[in-house]
Amino acid sequence: MEKKIVIPGDFLSDNSSKAGDGTYVSEGKVYSKLFGLVSEKDKILVVSLSGKYLPSIRDVVIGTVVEISYSNWFLNINSPYEGRLNISEFSKRIEQDNMMGYLNIGDSVVVMVKEVTPSMKVELTMRNHKLGIIADGRIFKLSPSKVPRVIGRSGSMISMMKKETNCNIVVGQNGIVWVTGKDKDVDKAIESLRIIEKEAHIKGLTDRVSVFLKNGYEKKPVDSTNLEILNELLD
């Protein structure tokens, strides 16, 4: 099945065993549950093209501290639900009266979702060597639904971007991306993310991003006929 955009209720297949994420089965037939991009490998999948990030256990996300209370930092994780980072889940042992000395309001961090309760209380952790405080680089925000396109199949897209830009790129499942490197390289990485954000639903995305990373934007030749007409109008 060629990738295409579908809306809720669109018919996808007569084979109910093919139903995957983003679909539902009615009377033995498979339909789309979402507005999104449909593809088929072993299963028929529909990846949402809109919507908020909903936390899941073990998701790596990038958040910003918005509140500090007794032994906790509360983070905006680009979701309807705030994340809570308890002092015990910080990357090293610190004293409660020195919390703001390590992580203050407005600071951003890479964290992991440790637990999500039935009432959607989101517990975070920083107790992993790949997690920590963001001290440099730039942050780019895109729709969480575009994260699979940024990563690519088996990590192909993000690997290409890292190689061609010489940047370190951390992609949060919540749609927040952290990019570090030389300024001109970071500019190129950010621009490639913008291309993905705008064109994720259009076929041939990987090729377009590859061309941009290798050559930059292609300048279109000036149509001499149109230029002559313009000159006549100006005269």
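What to note about this one:
- As a summary of the residue check, residue 70 satisfies the conditions (1) at pLDDT below 90; (2) out of contact with any helix residue (DSSP H, G or I) (no Cβ under 8 Å at 6 or more places or on another chain); (3) not β-branched (Val, Ile, Thr) except for the one numbered (2).
- Any hit, segment 17-29, residues being touching a Pro at 6+ places or on another chain (Cβ under 6 Å) and in a strand (DSSP E or B): no
- Considering only residues in segment 131-167 that are in a loop (DSSP other than H, G, I, E, B) and at pLDDT below 90, the one that is farthest from residue 202 (Cα to Cα) turns out to be 143.
- Every condition in (1) surrounded by 12 or more Cβ atoms within 10 Å (Cβ to Cβ); (2) charged (D, E, K, R); (3) modelled with pLDDT under 90 holds for residue 42 except the one numbered (1).
- Residues in segment 52-82 that are within 16 Å of the chain's Cα centre (by Cα), surrounded by 15 or more Cβ atoms within 10 Å (Cβ to Cβ) and in a loop (DSSP other than H, G, I, E, B): 53, 54, 55, 59, 77, 78, 79.
- Answer residue from segment 38-51, given it is in a loop (DSSP other than H, G, I, E, B) and over 21 Å from the mean Cα position of the chain (by Cα) and is farthest from residue 143 (Cα to Cα) among those: 42
- Whichever residue in segment 144-170 is buried (at least 18 other Cβ atoms within 10 Å of the Cβ) and not β-branched (Val, Ile, Thr) and, among such residues, is nearest to residue 213 (Cα to Cα): 161
- Those residues of segment 196-213 which are part of a helix (DSSP H, G or I), closer than 12 Å to residue 149 by Cβ and touching a residue at least 24 places away in the same chain (Cβ under 8 Å), in sequence order: 196, 197, 205, 206, 209
- Residues in segment 3-39 that are acidic (Asp, Glu) and buried (at least 17 other Cβ atoms within 10 Å of the Cβ): 10 only.
- Members of segment 74-106 that are acidic (Asp, Glu) and touching a Phe, Trp or Tyr at 6+ places or on another chain (Cβ under 9 Å): 82
- Leading residue by the ranking (farthest from residue 72 (Cα to Cα)) among those in segment 87-142 that are exposed (fewer than 13 other Cβ atoms within 10 Å of the Cβ) and β-branched (Val, Ile, Thr): 117
- Residues that are out of contact with any Gly (no Cβ under 8 Å at 6 or more places or on another chain) and at positive phi are absent from segment 29-49.
The values are calculated or read from the model by the stated rules, or taken from the named source; none is laboratory data. What you are looking at is a predicted structure, and each value in this text was computed from that prediction instead of being measured. All Cβ positions, even for glycine, are placed from backbone atoms using ideal geometry, and neighbour counts span all protein chains on display.
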